[in-house]
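Right, one structure below, let's go through it.
The values are calculated or read from the model by the stated rules, or taken from the named source; none is laboratory data. What you see is a predicted model, and the numbers here were worked out from it, not measured in a lab. In this analysis, Cβ positions are derived from the backbone assuming ideal geometry, glycine residues included, and neighbour counts consider all displayed protein chains. Note: areas computed on protein heavy atoms with side chains; ligands, DNA, RNA excluded. Shrake-Rupley method; radii C 1.70, N 1.55, O 1.52, S 1.80 Å.
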Amino acid sequence: MKVLLLGPYAPHGQVGAIRIISLSRYLVSKGHRVTVLCLSEEILRITDPNGLSAQIPDGVEVVTYKITLQCKSLMKKNALNEKECLSALKHLLNTKQFDVVLVSGGPFYTFYSMREVRKRHIPYVVDYRDLHISSPDKRKRASLIDKMKFLVSYPARFYQEYSCIRPADRITVVAPEMRDNLSSYFHLSKDKFTVVYNGYDDAVLKDLKPQNTYRDCFTIGYFGKLMYYNKDYTKKLFYAIEELYSAGIKVKLLHIGPENPAIQDFFSQEGLNQKKWYECTGLMNYRKGMEILAGCDACALEYAYPEGPGTKIFDYICLNKPVIGITKPGISLERLLSNFEHAYICHSKDDVKKAISDLVENNINTLMDGSQAHEVIESYSRSCQNAVFETVLKELVDEA
């Protein structure tokens, strides 16, 4: 297949780009010809100078374009970016032939370009990593000013998304809840959707060597930004560990990620002696961080986004370590965790305490046991998820 991918890409190393980088690497390994249309490195160095950590996989052809950055009006800026992306796509389609196109959002100004793909009768897939106008959670959390801006820009945003997703040949999403949301919002059949989880990067995490530094205590690992997305949920974890430690249970929280001043401020305000049970490694290489996490006894995360499970959980699944998940009731992450024997769904400080106590008292050290554990865990790898992508793309090419 000759495949065109349109979305975030290397050298950008954030979550959205990693999904497309992984897919492009996989497709090339299966013998497909892959071209990626993405933002230029020049633009990325302005918009996210610290996030350029990814490499372009061998065998992938990359074509770049620039967007408008100096524009105060968000609506005008979005319109200009739509035109820049469309212009780059037209030029590319005039010089190369493709069997199928996949556009991944956000950003969502790229959706506008699919009208050109339709004109040329090329089948295309819309990949949703995040919800845009249909997200009730985003509107709920928005400030009054942002809500006013949303109302003003809604017609243009709705048309941008509607005109892309309605005629799309297939739609891929990162969670069943996202499929349900989009299906209802845009009145689309669920048969048009395929769930492709982000998964863990098995190509990078092959042959990990666990590093267990703390053998004299029960160590809970947390990978990534802590007390960043939801402070209230993080506090439940802190209070639970503080009380257990004070009760004589040797437990340590090992934060593998960047230091957050808000954490130290919280400890100071609450008068907690965190030095006994909290340690932060600082920002480090992904694989190195995963090797340290692999040496921990359990993993913890807090998450409140309702329509998707996030990406951290898949790294935890990869290690087959017990998971303590502090979540909002009924969200996507909670449903995913419910599939595993030793995943603890916690809504309160007491829930967290019970989870840790159960793990310590019963010497539980796996997320799931049994003969099918390896097969189930492997199904959440990016390789397996990319195989789902490949199947979707192949079906469209065969039907064309």
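Tabulated results
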read-out: Label-point separation in nm, S348 to S371, each point 7 Å along Cα→Cβ; value: 4.1 nm
read-out: Residues V388 and L80, FRET efficiency given R0 of 25 Å [Cβ-Cβ distance, rounded to 0.05]; value: 0.10
read-out: Inter-probe distance in nm under a simple model that places probes 7 Å from Cα toward Cβ, at A203 and N362; value: 3.8 nm
read-out: GNM result for the chain, Cα springs below 10 Å: residue of Q70, Q211, Q372 fluctuating most strongly; value: Q70
read-out: Rough spin-label spacing in nm, given labels placed 7 Å along Cα→Cβ, for A247 and S163; value: 6.0 nm
read-out: FRET E, pair E378, Y154, Förster distance 56 Å, beta-carbon r, rounded to 0.05; value: 0.85
read-out: Residue order for V195, V117 - accessible surface, 1.4 angstrom probe, largest first; value: V195, V117
read-out: Residue (of V60, L5, L80) at the positive-pole extreme of region 1-113, dipole from beta-carbon charges; value: L80
read-out: Modelled FRET efficiency - R0 35 Å, S73 with E395, Cβ distances, 0.05 increments; value: 0.30
read-out: Per residue value of the accessible surface for region 1-108 (all protein chains in place, 1.4 Å probe), Å²; value: 48 Å²
read-out: Accessible-area order (highest first, 1.4 angstrom probe) of the listed residues D315, D297; value: D297, D315
read-out: Potential extension, K235-E270 segment - 0.36 nm per residue separation minus Cα distance; value: 11.6 nm
read-out: Gaussian network model of the chain, springs between alpha carbon atoms under 10 Å - residue of V63, V174, V101 with greatest fluctuation; value: V63
read-out: Stretch gain in nm, segment K90-L283, where the contour uses 0.36 nm per residue and the Cα spacing is subtracted; value: 65.4 nm
read-out: Solvent-accessible heavy-atom area per residue, rounded to whole Å², over region 172-329 at 1.4 Å; value: 43 Å²
read-out: Accessible-area composition of the chain, carbon plus sulfur, in percent [1.4 Å probe]; value: 49 percent
read-out: Label selected from [x] 192; [y] 151; [z] 126, the criterion being volume of the Cα convex hull per residue in Å³ as computed here; value: [y]
